[in-house]
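Everything on this sheet refers to the single structure shown next.
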Amino acid sequence: MRGSGFREHMKEGHHRGGRHRGMEGTAPRGAKTFRRGRAIAFLETLNVKRATIKQQLEQPEFQSIQQILVGELKAIDMVIQEFSQLFDIHESETAVDHSQKEEGDPVHEKSE
């Protein structure tokens, strides 16, 4: 059987997957940065989809489904807003230009 020496060895973090001495309480930085980069890339994808729907909304061949496109635009705006808040992503962190959100856009008018 294993003696108390092994237990002490395990407590100090010398087993597989254990933390090194002095690193307790510190968050790993590499994975968090990687995940944040993936979140920002996904947000940029959502913004491209938003721009595509907005462009379709302005084209006459999509006139027959305009109400559906407006609904999709509202939905994707809600997802973008919630995702940005959840991951604390600011507009300056994304590469897509946000100037597409105009004042007169019916999707962005607040219903308060």
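Below are the figures for this structure:
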item: Listed residues Glu72, Glu58 arranged by accessible area, highest first, probe 1.4 Å; result: Glu58, Glu72
item: Karplus-derived HN-Hα couplings along the range 75-86 (A = 6.51, B = -1.76, C = 1.60, θ = phi - 60°), whole Hz, x at Gly and Pro; result: 5, 5, 5, 5, 5, 4, 5, 5, 5, 4, 5, 4
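The values are calculated or read from the model by the stated rules, or taken from the named source; none is laboratory data. Here the structure is a predicted model, which means the values were calculated and not measured. Accessible surface areas use protein heavy atoms only, side chains included; no ligands, DNA or RNA. Shrake-Rupley method; radii C 1.70, N 1.55, O 1.52, S 1.80 Å.
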